[in-house]
Amino acid sequence: EDQVTQSPEALRLQEGESSSLNCSYTVSGLRGLFWYRQDPGKGPEFLFTLYSAGEEKEKERLKATLTKKESFLHITAPKPEDSATYLCAVQNYNNNDMRFGAGTRLTVKP
Amino acid sequence: NAGVTQTPKFQVLKTGQSMTLQCAQDMNHEYMSWYRQDPGMGLRLIHYSVGAGITDQGEVPNGYNVSRSTTEDFPLRLLSAAPSQTSVYFCASSREFNTEAFFGQGTRLTVV
């Protein structure tokens, strides 16, 4: 069965303190791996899609990477406005199912 | 451009009642889906549709029905509400299966 595990569950950083969020996955056929950001009381907001191992994408202070077993979301010099829950999801090529991880709740203190 | 609109935002139901959560998108997206989000469990796919007239089950379809008569609308029906269906429900749409999904603001449903 497809599975997505995100770690850590929660992460507290000082402003400017870089770190990484992990998304480990098992899927029989990867159609795509997705990263979303979710603010409290809001729907998820799309960040990145990665399709194959070795692929990397960047947006402002965020960089997502992908291997055959995991993805990392690197946050460089974070700001308080980066505080949110970051969600990882994988889509299965064989059945079009979409599985989300439980998320990492990031807090960036000024 | 409204994106994905969900109604209502909040709802309280009694056990056994039925209701329909509404979802509409104005981006002419073919792919639409419904998720529920529970604490500590992440988003779980309930049903999805790849176009008008075509729907399929996701990970947790029991107790829910969907239909897709138009490209724009994808309502989710709770047939007989149960306390286990207390959750936050999100509707999403995307141009294709594996592309950026746009989510609505969610419906917080409580079943008592």
Checklist entry - Can you tell me which residues in the range A:1-52 are acidic (D, E) and in a strand (DSSP E or B)? => result A:E45
Item to check | Number of positions in the range A:3-21 that are away from chain B (no Cβ under 14 Å) and out of contact with any Phe, Trp or Tyr (no Cβ under 6 Å at 6 or more places or on another chain) | outcome: 9
Next on the checklist: Please determine whether any residue of the range B:18-27 is away from chain A (no Cβ under 14 Å), assigned to a strand (DSSP E or B), out of contact with any Asp or Glu (no Cβ under 8 Å at 6 or more places or on another chain) and not aromatic (F, W, Y).
Outcome noted: yes
Checklist entry - Any idea which residue in the range B:67-85 is farthest from the other protein chains (Cβ to nearest Cβ), counting only those that are farther than 14 Å from B:Y31 by Cα and touching a Lys or Arg at 6+ places or on another chain (Cβ under 9 Å)? => result B:A81
Checklist entry - Of the residues A:Y86, A:Y36, which is touching a Gly at 6+ places or on another chain (Cβ under 7 Å) and aromatic (F, W, Y)? => result A:Y86
Checklist outcome for this item: Per the list (1) away from every other protein chain (no Cβ under 11 Å); (2) closer than 26 Å to B:P61 by Cα; (3) modelled with pLDDT of 95 or more, residue check on A:A84 breaks on (2)
Item to check | Candidate set: the range B:28-66, residues that are more than 13 Å from chain A (Cβ to nearest Cβ) and of a type in the set (A, V, I, L, M, F, W, C); chosen: the one surrounded by the fewest Cβ atoms within 10 Å (Cβ to Cβ) | outcome: B:A52
Next on the checklist: Would you confirm, using the coordinates I've provided, whether A:T76 is surrounded by fewer than 16 Cβ atoms within 10 Å (Cβ to Cβ), more than 25 Å from B:R108 (Cα to Cα) and either among the hydroxyl-bearing types (S, T, Y) or more than 14 Å from chain B (Cβ to nearest Cβ) (or both)?
Outcome noted: yes
Item to check | Selection count where residues are surrounded by 17 or more Cβ atoms within 10 Å (Cβ to Cβ) and farther than 20 Å from B:M27 by Cβ, scope the range B:89-112 | outcome: 2
Item to check | Scope the range A:86-110; condition in a strand (DSSP E or B) and buried (at least 20 other Cβ atoms within 10 Å of the Cβ); matching residues | outcome: A:Y86, A:L87, A:C88, A:A89, A:V90, A:Q91, A:M98, A:R99, A:F100, A:T104, A:L106, A:V108
Next on the checklist: Which count do you get for residues in the range B:55-112 that are over 13 Å from the mean Cα position of the chain (by Cα), touching a residue at least 60 places away in the same chain (Cβ under 8 Å) and more than 22 Å from A:V90 (Cα to Cα)?
Outcome noted: 8
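Does the range B:21-38 contain at least one residue that is small (G, A, S), out of contact with any helix residue (DSSP H, G or I) (no Cβ under 6 Å at 6 or more places or on another chain) and more than 16 Å from B:S94 (Cβ to Cβ)?
no
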Next on the checklist: Just checking, does the range A:50-62 include any residue being within 14 Å of another protein chain (Cβ to nearest Cβ), touching a Gly at 6+ places or on another chain (Cβ under 8 Å) and under 26 Å from B:W34 (Cα atoms)?
Outcome noted: yes
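The values are calculated or read from the model by the stated rules, or taken from the named source; none is laboratory data. Since the model is a prediction, treat every value here as computed from it, not as a measurement. Positions of Cβ are generated from backbone atoms using ideal geometry, with glycine treated the same way; all protein chains shown enter the neighbour counts.
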